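Worksheet: one structure, shown below.
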Amino acid sequence: MSSAKYKILVVDDEPDIVELIEYNLKREGYSVFTASNGQEAVSMARKINPDLIILDIMMPKMDGIEACRIMRSMPEFKNTFMVFLTARSEEYSEIAGFNVGADDYIAKPIKPRALISRINAILRRNSKGEETLENKVEIADLVIDRETFLVYKNNEKIVLAKKEFELLYLLASKPGKVYTRETILKSIWEDSVVVTNRTIDVHIRKLREKIGDDYVSTVKGVGYKFDA
């Protein structure tokens, strides 16, 4: 999908910020819509069904965290990318954002080139997500073959346990996306009552031992992501 076909909703109560982001996204060919608070964001999103929403955290009437939480509870926004934009650098605000379903985090002050690069990368996940129904995921020097449950690194075969493979496949299917521990548990272990967060940590450690430390990153207090 070309950038012209993507719809992006920019939500911030600072007009200058909105104008800066809108200008640069339109230059890139995106279709851009705007809102000034969380309430307007929810209403606008339901009208236009955007592919990606950029949300400031601190806003009047309804902040970005609450707006994201509400939209994530709606089926129509299950696959919509949510990116938080904020000047706050406290770790707890990032954790709160990821916990309500954020896909990424962009800090102010806005650097246009960095912003565009990040948005382009996030939306490329959309295309990669469509490929997850295929039997193989190929990223960098890794080939993850879902039919054989084998991984190849530089053409050398690596044998993983079933859950290790499923965990790697989940993370690699959308490089850069942060998966919370809750999401991982539901996706890999479903409703098992004996699985804890420690189980995930152990499987991540085993994965790193087998494929190397450069692929799976820890997002402190949140979960894990695959670094392409």
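The values are calculated or read from the model by the stated rules, or taken from the named source; none is laboratory data. In this text the structure is predicted, and so the values were computed from the model without any measurement. Glycine gets a Cβ as well: all are built from the backbone with ideal geometry, and neighbour counts include every protein chain shown. All accessible areas refer to the heavy atoms of the entire protein, side chains included, with ligands and DNA or RNA removed. Shrake-Rupley method; radii C 1.70, N 1.55, O 1.52, S 1.80 Å.
Give the residue that is modelled with the lowest pLDDT, with candidates limited to residues of region 126-152 that are outside any loop (DSSP other than H, G, I, E, B), open to solvent by 60 Å² or more (accessible area, probe 1.4 Å) and touching a strand residue (DSSP E or B) at 6+ places or on another chain (Cβ under 9 Å).
131
List every residue pair whose Cβ atoms sit under 6 Å apart, with the two residues 6 or more apart in sequence or on different chains, where the first one lies in region 54-71 and is more than 21 Å from residue 19 (Cα to Cα) and the second, anywhere, is in a loop (DSSP other than H, G, I, E, B) and of a type in the set (A, V, I, L, M).
Pairs found: 65/100; 68/100; 69/100.
Consider residue 183 carefully, then state whether it is within 15 Å of residue 103 (Cα to Cα), polar (S, T, N, Q), out of contact with any Phe, Trp or Tyr (no Cβ under 8 Å at 6 or more places or on another chain) and open to solvent by 20 Å² or more (accessible area, probe 1.4 Å).
Yes: the conditions hold for residue 183.
Could you list, in sequence order, all residues of region 32-87 that are of a type in the set (Ser, Thr, Tyr) and within 18 Å of residue 118 (Cβ to Cβ)?
80, 86 - these are the residues of region 32-87 that are of a type in the set (Ser, Thr, Tyr) and within 18 Å of residue 118 (Cβ to Cβ).
Which condition number does residue 196 fail, the rest of (1) β-branched (Val, Ile, Thr); (2) open to solvent by 50 Å² or more (accessible area, probe 1.4 Å); (3) touching a Pro at 6+ places or on another chain (Cβ under 8 Å) being met?
Here residue 196 meets the rest and fails (3).
Pull out all pairs, ordered by first then second residue, where Cβ-Cβ is under 7 Å, the residues are six or more apart or on different chains, the first lies in region 144-160 and is closer than 20 Å to residue 175 by Cα, and the second is surrounded by fewer than 11 Cβ atoms within 10 Å (Cβ to Cβ) and of a type in the set (Lys, Arg).
Listed pairs, sorted by first residue: 149/162.
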